[in-house]
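For reference, the structure discussed in these notes is given below.
The values are calculated or read from the model by the stated rules, or taken from the named source; none is laboratory data. None of these values were measured; they are calculated from a predicted model. We place every Cβ from the backbone using ideal geometry, glycine too, and count neighbours over all the protein chains shown. Areas reflect the complete protein model, heavy atoms only, side chains present, ligands, DNA and RNA absent. Shrake-Rupley method; radii C 1.70, N 1.55, O 1.52, S 1.80 Å.
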Amino acid sequence: MGYLDSFVCAVPNDSREAYRIHAEKAAQVFKSFGAERVVDAWGDDIPEGKLTSFPMAVKCKENETVVLSWIIWPSKEVRDEGMAKFMKDPICNMEENPLPFDGQRMIFGGFNVLVDI
């Protein structure tokens with residue numbers, strides 16, 4: 001059934017285009033290392049919660065938007081190998097290729113696919 005990585009972060013609104021460019025470059029690298037699909041989605045209808053919410057989870061500021069991303073891999077093994085290669089790729093050199101958002105407020109994790117219809 002595959003394996004899925006997911007990321008949630010807060011991106012400054014004036015960095016939307018820089019984020020899109022960064023995400024497209026990263027997607028090509030992920031795909032070269034075995035990812036089947038890479039999706040980045042700019043928040044449009046993200047309500048504030050009372051106890052928890054996407055904006056609260058990433059400490060989203062007034063001038064930022066929540067972005068949800070996911071990477072679909074054929075298996076956890078392919079993901080583990082691909083992610084290890086990705087972390088060594090020049091795209092991960094933060095001095096030469098800084099993130100267009102605060103990476104310390106990013107939430108991420110890997111998931112076994114339970115339902116895929």
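Structure notes:
- The Cα trace of the stretch 29-72 gives Rg and Dmax of 13.6, 41 Å, the first to one decimal, the second as a whole number.
- Per-peptide average of other Cβ atoms within 10 Å, ordering 26-33, 80-87, 44-51, 66-73 highest first: 66-73, 26-33, 80-87, 44-51
- Cross-link partners for Lys31 among the lysines, with Cα-Cα distance under 21 Å and sequence neighbours closer than 8 places in the same chain left out: Lys76, Lys85, Lys88.
- The chain, accessible surface, carbon-and-sulfur percent (1.4 angstrom probe): 55
- Ordering of 95-104, 4-13 by packing is 4-13, 95-104, highest average first (other Cβ atoms within 10 Å, averaged per residue).
- Option label - semi-axes √(5λ) of the Cα gyration tensor in Å computed here, alternatives [x] 31, 22, 12; [y] 24, 19, 11; [z] 23, 15, 13: [y]
- Over the chain: helical MRE at 222 nm, DSSP H runs n ≥ 4 each giving -39500 (n - 2.57), nearest 500: -9000 deg cm²/dmol
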